[in-house]
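Asker: Sharing a structure, written as structure tokens. Questions coming.
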Amino acid sequence: MISESGIREMEESAQVRDRLPIGPSVHLDGASRLLKLAHLAEELGAGPVAEEARELAARVSEGRFYVACVGQFKRGKSTLLNALVGHEVVPTGFVPVTAVPTVIRFGDPLRARIRMRDGSWRDIAMPELKEYVTEELNPENKKRVDGAEVFVPSPLLSSGMCFVDTPGLGSVFTGNTATTQAFIPHIDAALVVVGADPPIAGEELALVEAVGKQVEDLILVINKADRTSDPERAAAAKFTRDILEKRLYRPMGEVFEVSAAERMENRGPLRDWEKLLADLQHLVDDSGRNLVRAACDRGLQRLSEQLLAIISEDRDALLRPVEESEHRIELMRKTIGEAERSMHELRYLFMAEQHRISDLFGDRHKQFFRSAWPESEAEFNRDLASLPLGFGPHYRQRVMHLAQEISSRKVLPWLKPEQEEGERQYRAVATRFVEMGNNFLKQLAGAGLSELTRMPHALDPEKGFRVRSSFVFEKFIGTAEPPSPLRWLADVFLPLLGGRKMITNDAREFLRHLLETNSARVQNDVLNRIQESRDRLEVEIRKLLHEVSRIAEQALGRARRVKEEGTPAVQAALERLDRLERDVSALVQ
């Protein structure tokens, strides 16, 4: 870890280079370019950009790269990371645990610190970590923690690799999903943790697709291998590999089957554990340096775009009269206020699409059930006659499994075309969502918010507001729960008392429940995905509008102060902006 004096030396060297023109004749390494960018950001008054550039410079100088552990909640991501580093450093549990990203990096002794929203770091005792990073003790991140770092003396991390424990997707805590999505630009490689049932869920697939388009190295892991059979894991591995290769247009490596819980307790078979460790070490040895370089390049590109937008707005504010800028900002505030109100109209359009889809699949579900239930009941009554009677609890188990078999025979063939129709309908409505969102922004640009066209990727449907239209239908044929002790005891005596019919009636109701539940899930999956897409689009639009307003207001404040000093000051400020623009652009060439 670089000391404070080391950072000061780097900054002093960068300050010397600041006095030199940036051009082909002056070579700066990645960390120096980032420090140079930080100084340029400070000169522009862009404190958050400067701070992020300095942090990335330190990471690049130390050769640290981030391997994020991503996946749906309850995949055992935190347990897997603990097992990999050989220390129980991040909290685990049976409910969605991780609330904020936690970086696990090399350090001795074992210690932890948290970063608050104001940018300050606070050292904490290891047992206190759960108070800040878990959903139970910091629900929806109410304590406003920006992140956490754990320093652990693990040989696997000694060469620069850092693990990142991210909040799981798909939990009831929507803020957790947003936190993980926001961390994507900082990911250099990923441990994708999936399960066998379901192998990979829709939101999970969208995240992995987004990460995979940014980084090359994805390590696929099926965790909790001790809880599934060999055929289930084999099917899950094939499905995961096939769908990711299709989405990312490149071959995926081996899918490692492990049980992190067994490794933490040093029990059970190793399975693919040694191969997973070897693959991670291979990532360090062969790709670590390239990953750090790529992180540097991505950071420079992203941060420089933000600075160029600020420079452009500052220049415009200096060139136009203050009264005009004031009028524009007043118009901007009014337009944004109207935009917020118009968002409700947009929401009604989205809701209309949701109702249309709901009615469509609701009708299809009813049609299926009307025909499937009489046929299924007839099959159940017919096959029931061939079942051996036997011991009461065993008889209940047989008739419940009969209900499952019949529901599978009816539902699964029907689900395939329904899934295809669901995918088609979702893609169509997601495309309309994006078109409506971008048309909305174009109207604002034409009505006084032309600054929108300058924001990076603002109106680009492929990069800015592209809502992922991919989702996967999970296998969902219910299983019969084991009977309670009281029910088991009753089943022992029911046949003796001539009450076997009660068992068969329970199984018949179970069959009906299976048909109802499983045939309704296409409708539920499509509606859930539409809701997620709508929410994500609204958040992105609001974020963009307020960022445009903030930049414009800050630019006006600076322009007003300069203009008060007279024409020479304005000319000097314009020349300064031209220089800053050249310097920022040169850093990313």
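Asker: What single numbered condition from (1) open to solvent by less than 40 Å² (accessible area, probe 1.4 Å); (2) assigned to a strand (DSSP E or B); (3) not small (Gly, Ala, Ser) fails to hold for residue 122?
Answerer: (1)
Asker: If you take the residues in the stretch 125-163 that are among the hydrophobic types (A, V, I, L, M, F, W, C) and assigned to a loop (DSSP other than H, G, I, E, B), which one is least open to solvent (accessible area, probe 1.4 Å)?
Answerer: 129
Asker: Tell me, please, whether a residue that is in a helix (DSSP H, G or I), touching a helix residue (DSSP H, G or I) at 6+ places or on another chain (Cβ under 7 Å) and at pLDDT 70 or above can be found in the stretch 488-495.
Answerer: There is no residue in the stretch 488-495 that is in a helix (DSSP H, G or I), touching a helix residue (DSSP H, G or I) at 6+ places or on another chain (Cβ under 7 Å) and at pLDDT 70 or above.
Asker: Follow-up. Pairs only if they're at least six apart or on different chains, beta carbon under 7 angstrom, first in the stretch 563-587 and without any contact (Cβ under 8 Å) to a residue 24 or more places away in the chain, second surrounded by 15 or more Cβ atoms within 10 Å (Cβ to Cβ); list them, first residue then second.
Answerer: Partner pairs satisfying both residue conditions: 569/562.
Asker: Okay, next question. Where the second residue is part of a helix (DSSP H, G or I) and the first is of a type in the set (D, E, K, R) and lies in the stretch 271-290, which pairs have Cβ atoms under 7 Å and are six or more apart or on separate chains?
Answerer: 271/225
Asker: Let me ask you something else. I need every pair where a residue in the stretch 32-43 that is part of a helix (DSSP H, G or I) and modelled with pLDDT of 95 or more has its Cβ under 6 Å from the Cβ of a residue that is surrounded by fewer than 20 Cβ atoms within 10 Å (Cβ to Cβ) and hydroxyl-bearing (Ser, Thr, Tyr), sequence separation at least 6 or different chains.
Answerer: Qualifying pairs under 6 Å: none.
Asker: Report yes if residue 333 is in contact with a strand residue (DSSP E or B) (Cβ under 7 Å, 6 or more places away or on another chain) and either surrounded by fewer than 19 Cβ atoms within 10 Å (Cβ to Cβ) or under 30 Å from residue 515 (Cα atoms) (or both), otherwise no.
Answerer: Here the answer is no, as residue 333 does not meet what is asked.
Asker: Now for a separate question. Determine which single condition residue 110 fails, assuming it passes every other condition in (1) open to solvent by less than 30 Å² (accessible area, probe 1.4 Å); (2) of a type in the set (A, V, I, L, M); (3) modelled with pLDDT of 90 or more.
Answerer: Exception for residue 110: condition (1).
Asker: Continuing with the same structure: Only one residue in 135, 140, 131 is over 22 Å from the mean Cα position of the chain (by Cα) and at pLDDT below 90. Which one?
Answerer: Selected residue: 131, the only one of 135, 140, 131 that is over 22 Å from the mean Cα position of the chain (by Cα) and at pLDDT below 90.
Asker: Within 30 Å of residue 63 (Cα to Cα), at pLDDT below 85 and not β-branched (Val, Ile, Thr): is that true of residue 209 in this structure?
Answerer: yes
Asker: Looking only at the stretch 225-242, filter to residues that are touching a helix residue (DSSP H, G or I) at 6+ places or on another chain (Cβ under 7 Å) and either open to solvent by 10 Å² or more (accessible area, probe 1.4 Å) or among the β-branched types (Val, Ile, Thr) (or both); which one of those is modelled with the lowest pLDDT?
Answerer: Filtering the stretch 225-242 for residues that are touching a helix residue (DSSP H, G or I) at 6+ places or on another chain (Cβ under 7 Å) and either open to solvent by 10 Å² or more (accessible area, probe 1.4 Å) or among the β-branched types (Val, Ile, Thr) (or both), the one modelled with the lowest pLDDT comes out as 233.
The values are calculated or read from the model by the stated rules, or taken from the named source; none is laboratory data. The model shown is predicted, which means the values in this text are computed figures rather than measured ones. Cβ atoms come from the backbone with ideal geometry, glycine included; neighbour counts cover every protein chain shown. All accessible areas refer to the heavy atoms of the entire protein, side chains included, with ligands and DNA or RNA removed. Shrake-Rupley method; radii C 1.70, N 1.55, O 1.52, S 1.80 Å.
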